[in-house]
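Engineer: Got a structure for you, written out below as structure tokens; questions coming shortly.
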Amino acid sequence: MKYLAEYRDPATAKKLVAAIASITTQPWNIMEVCGGQTHSIIKYGIDQLLPDAINLIHGPGCPVCVTPLEYIDKALAIAQLPKVIFCSFGDMLRVPGSHHDLLGLKAQGADIRIVYSPMESLTIAQQHPDKQVVFFGVGFETTAPATALLAYQAKQLALKNFSLLVCHVRVPPVMEALLNSPNNQVQGFLGAGHVCSIMGYHEYLPLAAQFQLPIVITGFEPVDILQGIYLCIKQLEEGRFDVENEYRRVVKEQGNLPAQQLMQTVFEIVDRSWRGLGNIAASGLALTAEYNDWNAEQRFSVANINTQEPAECRSGEVLQGLIKPAQCPEFGTRCTPEHPLGATMVSSEGACAAYYRYRRYQNV
Amino acid sequence: MAHGGGGRLMQQLLDSVIQPIFNNPILNQKHDSAVVNINGSKIAFTTDSYVVKPLFFPGGDIGKLAVCGTLNDLAMSGAKPLYLTCSLIIEEGFSIADLKRIVQSMQQTAAQAGVLIVTGDTKVVDNGKGDGVFINTAGIGIINDNVDVNPSNIQVGDSIILNSDLARHGIAVMLEREGLKFEHHIKSDCADLSGIVQELIQAGVEIHCMRDLTRGGLATGLIELATTSRHHIEATESALPIHQDVNSACEILGFDPLYIANEGAFVLFVPESQSAQCLAILRQHPLGGQAIQIGQVKSTHAQGMVTLQTAMGISRLLDLLSGEQLPRIC
């Protein structure tokens, strides 16, 4: 596959591994922000190829994992109402709420549909004027523009039987929150490439300057990730703290301006709680008051659902790099992908789920 | 639904509910077909039900699938298939023309394989109680005295050989079902494997075990065999043939092709000394042109384990999926 095969080329990867080893003189902690990067790192075993001195911390960038329990419970409350068609991305279906998950509700007869593109839910609404169609908009700035377009079009069409349950999150505030934590271990970031394809990377310039750490915008294939690590280590070793763009074939500094404009029209920035990390100021996107008529929280009166996280899950510590997944006593015993206790085990992009799937036996 | 996806949940359902109740030595062989001895003849006996949406897809239809699936289950135990049954559960209002097309497809596939569909049953259920048509087929076949194909025969050092490229059936059906509109040339690999297996047996290849890689794909098939036979199996990523369009579709949907269903792909476990002969025979057959060695049985292992030697030069675990694969957000 063009644009993929060359970024999975073992020979190129081996050269980069050797280059990284040759410039590393001391231990460094680097966080890859995005869950897609975590998945690639574990799937291809990139961390095993690196010098022991480099420790990769798996960041909070798995949208499925960090969607707060409260919103899963809101989704479940809406989806089980009669005459509702609830549309969601596929991997949200297995995420456990307080009592059950969307897959379980579907098995009990609720009309829950997996959509590949959010726009499909608008078509479903037009085809079923007698039903209330709800789209569950979750994820980072990557998926937010599609939700924004959906809300915008629903308003233009004055669709009465369509609404959105919106729980989008923003990446820069969570990076800042991690750096402000007294337990912070992170010395350099691999920035989330797809988020930056929308938002650009100008937001990171003040962050790198304030905290004096390198941020390298990085893609998702093994060669991308190794290249990102190389650039990050090079900066650390040289005492620089710049924002660099490894993922140039996709990311431009200003990002996708029409998408950003659409998001500004439809969304406002709000505080949001993250599963495993708690409340983070200005880290969420919600529909503005102008879109109240299409806000599912208002339409179905679920705004008052306010679930608290159970304390036993230690995903917050995993997300801050304080422990590795296998160091949690519940890992692989009480906490498995079938019965996850919390954030990082629920989706294949979560760090705990990735370790469970690819590294369960110590001798592998 | 996840209990039907062929992953860990399905295995738990079988192990905790079904197996303990029916419990008997033949069932406990955990093979694609039961092998029973009747008056000194070794008979393979199997059944399978087919529910697929859409009923017609590129490369086949539910009728062809229902015949090939059962023929293949028989073939995987080393049997030469002889007779099939056909039970139809038809939803009220289903088009007679479509039904005729499906039954003709069954007959044509059976005739090409040289087997007869000799008995059956038809039921009609209320509109809304079925997805058009469900088909159950059962089959029997005969196994030569000198043939013994069974997971318990897998040995350390065995070569693992795959006959064709992977994941075409699952992706073809999914693209058709979801109406995903991008250019592709993916057809289901749905095919009767009993002919190619008989050629290997007649040539005297010593087959320790075979498995067709249906629901759950290559990864699930290998994991089940590793678990049943208690071995460590290692597969080599760079050897696995996957069509470019299939790879692209998997990338877009966030699916792992190693877990996607096949209907004409199977793996064979043969002694290393026989792998060259086995490959040569497979490659001369239309269903084995891409045959390749994809791995080896490394050692015995208490729970059974499958690892994948990746192109990057590390080894990682292949695990059963929990349930069905779900498309990823981004």
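What follows draws every value from the coordinates through simple rules; no lab data is involved. What you see is a predicted model; the values in this text were computed from it and never measured. Here the Cβ positions follow ideal geometry from the backbone for every residue, glycine too, while neighbour counts run over all protein chains shown.
Engineer: Distance check, please: which entries in B:64/B:123; A:234/A:324; A:155/B:129; A:234/B:298 exceed 30 angstrom between their Cα atoms? Write down the numbers at each step before the final one.
Structural biologist: Values: B:64/B:123 20 Å; A:234/A:324 25 Å; A:155/B:129 38 Å; A:234/B:298 40 Å.
Violating the 30 Å limit, Cα to Cα: A:155/B:129; A:234/B:298.
Engineer: Continuing with this model, one more query. Need one number: nm distance between label points at residue A:205 and residue B:26, each 7 Å from Cα along Cα→Cβ, rounded to one decimal.
Structural biologist: According to this spin-label approximation, the distance is 7.7 nm.
Engineer: If you take the square roots of the eigenvalues of the alpha-carbon gyration tensor of chain A and sort them as a ≥ b ≥ c, do you get rounded (a/c under 1.5), prolate (a/b over b/c) or oblate?
Structural biologist: Because a/c hits 1.5 or more and a/b exceeds b/c, chain A counts as prolate.
Engineer: Counting only Cα atoms, I'd like the Rg/Rh figure for the protein assembly as shown, Kirkwood definition for Rh. Working shown, then result.
Structural biologist: Values: Rg = 26.7 Å, Rh = 27.1 Å.
Reported Rg/Rh, Kirkwood definition of Rh: 0.99.
Engineer: With loop defined by DSSP as not H, G, I, E or B, and exposure as at most 15 other Cβ atoms within 10 Å, which is the longest segment of chain A clear of exposed trypsin sites (Lys or Arg not before Pro)?
Structural biologist: Value returned for the longest uninterrupted segment is A:253-333.
Engineer: If you don't mind, another one. Which percent, nearest 5, of DSSP beta bridges in chain A are antiparallel?
Structural biologist: Roughly 20 percent of the beta bridges in chain A run antiparallel, per DSSP.
Engineer: Counting Lys and Arg as +1 and Asp and Glu as -1, what is the net charge of the other residues whose Cβ lies under 14 Å from the Cβ of residue B:242? Write out the running numbers ahead of the final one.
Structural biologist: Values: positive: A:8, B:168; negative: B:165, B:189, B:237, B:245, B:251, B:256.
Residues near residue B:242 contribute -4 overall.
Engineer: Explain nothing, just compute: Karplus ³J(HN,Hα) = 6.51 cos²θ - 1.76 cosθ + 1.60, θ = phi - 60°, for every residue of segment B:137-153 in order, whole Hz, x for Gly and Pro.
Structural biologist: 10, 10, x, 10, x, 10, 10, 4, 3, 8, 9, 9, 10, 7, x, 6, 8
Engineer: Can you tell me the order of B:24-31, A:340-347, B:276-283 when each peptide is scored by its average per-residue count of other Cβ atoms within 10 angstrom, highest first? Mind dumping the intermediate values first?
Structural biologist: Values: B:24-31: 12.8, A:340-347: 27.5, B:276-283: 17.0.
Packing proxy ranking, top to bottom: A:340-347, B:276-283, B:24-31.
Engineer: Still on this structure, please answer the following. How far apart, in nm, are two points set 7 Å out from the Cα along the Cα-to-Cβ line at residue B:119 and at residue A:77?
Structural biologist: 5.8 nm
Engineer: What angle do you read, to the nearest 10 degrees and between 0 and 90, between the alpha-carbon axis of helix A:69-79 and the longest principal axis of chain A?
Structural biologist: 30 degrees
Engineer: Still on this structure, I have one more. Work out the length of the dipole vector of chain A about its Cα centre, built from +1 on the beta-carbon of each Lys and Arg and -1 on the beta-carbon of each Asp and Glu, and round it to the nearest 20 debye.
Structural biologist: So the dipole magnitude of chain A works out to roughly 700 debye.
Engineer: Hey, could you get me the Stokes-Einstein D for segment B:33-143, Kirkwood radius over alpha-carbon pairs, 37 °C and 0.692 mPa s, rounded to whole µm² s⁻¹? Could the numbers behind the result be given before it?
Structural biologist: Working: Rh = 14.3 Å.
My calculation gives 229 µm²/s for D.
Engineer: Quick one: angle between helix A:171-180 and the longest Cα principal axis of chain A, in degrees between 0 and 90, rounded to 10, please.
Structural biologist: Helix A:171-180 and the main axis of chain A meet at about 50 degrees.
Engineer: Here is a follow-up. Specify the angular offset, from 0 to 90 degrees and rounded to the nearest 10, of the alpha carbon long axis of helix A:144-156 from the longest principal axis of the alpha carbons in chain A.
Structural biologist: Relative to chain A, helix A:144-156 is tipped by roughly 20 degrees.
Engineer: Mean residue ellipticity at 222 nm from the helices of chain A, using -39,500 (n - 2.57) per DSSP H segment of n ≥ 4 over the full residue count, to the nearest 500 deg cm²/dmol?
Structural biologist: Values: 17 runs with 145 residues, N = 364.
Rounded to the nearest 500, it is -11000 deg cm²/dmol.
Engineer: Which of the chymotrypsin sites (Phe, Trp or Tyr not before Pro) found in segment A:229-303 are in a DSSP loop and have at most 16 neighbouring Cβ atoms, other than their own, within 10 Å?
Structural biologist: Counting only loop positions with at most 16 other Cβ atoms within 10 Å, none of the chymotrypsin sites (Phe, Trp or Tyr not before Pro) in segment A:229-303 qualifies.
Engineer: Cα convex hull of chain B: how many Å³ per residue?
Structural biologist: Enclosed volume per residue, from the Cα hull, is 149 Å³.
Engineer: Then there's this: Residues of segment B:153-172 with the amide nitrogen closer than 17 Å to a label point 7 Å from the Cα of residue B:230, along Cα-to-Cβ, please.
Structural biologist: B:153-157
Engineer: Follow-up. When the Cα centres of segment B:16-33 and segment B:205-269 are compared, how far apart do they sit, in Å?
Structural biologist: Each part reduced to its Cα centre gives a spacing of 23 Å.
Engineer: If you project the alpha carbons of segment A:75-234 onto their three principal axes, what span does each projection cover, largest first, in Å?
Structural biologist: Sorted largest first, the three principal extents are 59, 37, 31 Å.
Engineer: Please list, in chain and number order, the residues 5+ apart from residue A:166 or on another chain whose amide H is under 5 Å from its amide H, with Hs placed from the backbone.
Structural biologist: HN-HN under 5 Å from residue A:166: A:137, A:296, A:297.
Engineer: Now for a separate question. Which cross-chain or sequence-distant (5 or more) residues have an amide H under 5 Å from the amide H of residue B:294, H modelled 1.01 Å from N in plane?
Structural biologist: Residues meeting the amide H criterion: B:160, B:161, B:162.
Engineer: Run the dipole for segment B:151-318 about the Cα centre, Lys and Arg Cβ at +1, Asp and Glu Cβ at -1, nothing else charged, and hand back the magnitude in debye, nearest 20.
Structural biologist: In total the dipole reaches around 240 debye.
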